[in-house]
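The values are calculated or read from the model by the stated rules, or taken from the named source; none is laboratory data. Please read all numbers here as calculations on a predicted model, not as lab measurements. Ideal geometry is used to build each Cβ from the backbone, glycine not excepted, and the neighbour counts take in all protein chains shown.
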C-alpha cells in the first residue's frame, strides 16, 4: 500500500504524514510531499514535474503515529490510536516553482521482494500573495475602513484562495468576543482562528474551541465590532504583529479577476448595539422555558433505569431540588435510537420505529422507559437524552444499525467525501471519537428529517423533553461534499448549528420547546438552544477557563450557557473546588453537573454532592450544596425574567462588566466578574485557600448580598470569603427590596 492524500485528514492544527504541505504550494517556498506505506516497502521516490523539467527525488523515511499526525488532537482516544496505528511514513522537501505554474507528481514504492507500486499523478497549481485593491474586501456598515494598502490575495492565476487585510486599532481598545474562548477576555496582542474543533480538555492552554465565531467587539475609543461573513476558516492577528493593526486572513474561493472576494459587517456603537446588530443578521436566541434554569444532573454511569431513578431519589432524600436529568448512557450505543436491551424487529428499509415496536425485558437495563419518564415528570423533573450525529461503523454494524447504514446510503442522506481520483463516497469520520462512522448531512432539511424521525417516538410517546446534542465537531476536511454541493471548507463549521436546529425542529413539531444542549457551534448558534463548555478536568485552572468561556460566549450572543460544575473528568474535585464552583454556578444561566464514564470502577467518580462528600470526608458538603441549590431555586424567577429581557434587548443574561461600562478601563482588571441580569454582580472565587478577594464595583449604588451592607461603586472592595458557599454577590440598591430576601444569608 502507498497512500497520498493531498489535503490530509483535514485536522486543522496538525499535518498528516501522507499529505502535501502546504496544500496550496507557495511560489519559491518549501513544499513537503509525504506518503504512508505498508510494511515491506524499502524505498519511495517521487517523479516531480514543475512544467520545466521532470525529475525523480528519493523520499526520506519518517516515523509518525496516530494517523501519521505529528501532533495528537481531538478526543482522548487519540492516545490509544497513537500506539495502535503506527505507519511507515516517507517525505521529501522541494521548492515550489514560480506562481501560476501547474505541477504534477506521482510516487513509486519499491518493495523488498522487488515489486514496485505507483500512485496516479497528482496535480495542483502554485499560488502567490499579491496586492489587491481595497474593494476586494467589502466593509458593510458604519465602522472603520480597511487600512489602505493592506489588502492582498493568495492567487494561483485562476482562483483566489485567501484574502488578507488590516483594520485599525488605537491605543486603549480591547478586542473581545470570537465565540466561546477559554484563555482570555481581551485578545489584543494574540493570534487565534475560527474553526470548530473538539479539543478534549485544556482548551485554555491550547487556545482551541468547540464554538468559534468570526465576530468581535472592539471596546474603548468610539466602540465598534465586526463580523466576517463567511463560514470558512478565518485567522486573526489581533495586534500581535503590529500593535496598531488587527490583521484578518480568510479562506475564500473566487475567480482571479473578481472585484470583491469577502464581505465584512462592521457595526459602530456600544457592545449591546454591536451584538444586537450581529444577532439581527445571524439569528437571535429564543426564550426557553423557566425549568432550564433549575439544576441539571447527569453522570455517564447512570446507565440503567434503576440507577437514574435511584439518583433522582437521592436528590429528594437529600432535599436538593433537581429540574433536569440528562441520560447519556441510555441507548444501545449502536443505533442511538433504541434503549439498550430493547427487543424489536429490524426495519430493513430504515424506517422509524414506534414505541409499540419495542419490548422491554423486565430484567433489562430499561424495563419501562415511558413509566420512568412519567415518574420523573410527576416529580417535576425534565428528561433529556444524549445524542451523537454519527452512524457507528466500528465494530461492523449488525441488525438495525446495519439496516440504517444501508438505508442512509440508499436514501442519499449522508455527507460524502471526494476521493483523490474525483469520485464521491460516504464520508467516514476522521476524528478520534467513533472513527470511520458515517455522518448524516443535517444541514439538509430532507436528510435531517430522515434522521430525526427515527427519534420521534422518544418525544411523542416516551415523553422526552430535550436532547444533549453532543459531538458536533466531526466534519473534517475541505474534500467533504454536502448534499447542496458545498464543500467542507464552506459547511463544516455550519454543521453543528444545523445539528442543534434539526433536533429543535423535532421538539417543536411535537409542541415542545426546542431545548437542545450542545457544546459545538458557530455563527448562528445563539438561535438554537443551550450550550455547555465541553470536556474539562476537575481543576481550579479549568474552573477559571470555564468562566472566561461563558463570558466570551455571552458576548457573542449565547444566552443559555453552563459548564460541568467542578469539571467532569479525571480525579474528583476536592470539597473546596466543588462548593466554590457550585456557588458560582448559582449565577450562570445553566446550572449543571456531570461526570465522565469511569468503567464503574470503585470508588465512584460521580460528581453528585453525596459522592463528593463521601469521597472527601467532608460532612458539611451536602448541606452546603443544598443551601446553594435552594438559593438557585429562589432566583429562578429573576433569572428567567432576565433571560427574556436579554433575548429581547441583546444585553446578555450573563455578561462581562464592559458591556455596561465600556468606558471604565478598570473593569478589564476583573475579567471574571459578571452581571447576571441587570441587578446582580458576581465575583467568583477562582483560587483555593482564599479568605478574602477584591471585587470591583462599577458606578452605582450596591448592597452586599451576604451582609446587607451598602457599598458605593467606582471602587474596589475587599470581601470576606471564608464561607465557601458565599460567592461575592452585590445587588443593585434599587432592587435590594425585591432580591435581598431571596438570599437568606
* **Selection status of residue 410, in a helix (DSSP H, G or I), in contact with a strand residue (DSSP E or B) (Cβ under 8 Å, 6 or more places away or on another chain) and more than 26 Å from residue 594 (Cβ to Cβ)** => no
* Asked: In segment 548-573, which residues are free of Cβ contacts under 8 Å to residues at least 60 places away in the same chain and part of a loop (DSSP other than H, G, I, E, B)?
  -> 563, 565, 566, 567, 568, 570, 571, 572, 573
* To do: Output the number of residues of segment 398-423 satisfying the condition of being crowded, with 19+ Cβ neighbours inside 10 Å and either touching a helix residue (DSSP H, G or I) at 6+ places or on another chain (Cβ under 6 Å) or at pLDDT below 95 (or both).
  => 2
* Asked: Quick one: is residue 260 outside any strand (DSSP E or B) and closer than 29 Å to residue 657 by Cβ?
  -> no
* To do: Could you please let me know if residue 471 is at positive phi and either buried (at least 20 other Cβ atoms within 10 Å of the Cβ) or touching a residue at least 12 places away in the same chain (Cβ under 8 Å) (or both)?
  => yes
* Asked: With 681, 635 as the choices, which residue is more than 24 Å from the chain's Cα centre (by Cα), buried (at least 20 other Cβ atoms within 10 Å of the Cβ), closer than 22 Å to residue 532 by Cβ and at pLDDT 95 or above?
  -> 635
* Structure fact -> How many residues of segment 210-232 are within 24 Å of residue 657 (Cα to Cα) and without any contact (Cβ under 8 Å) to a residue 60 or more places away in the chain? The answer is 4
* Return a yes/no flag: does segment 527-548 have any residue that is buried (at least 24 other Cβ atoms within 10 Å of the Cβ), in contact with a strand residue (DSSP E or B) (Cβ under 7 Å, 6 or more places away or on another chain) and at positive phi. => yes
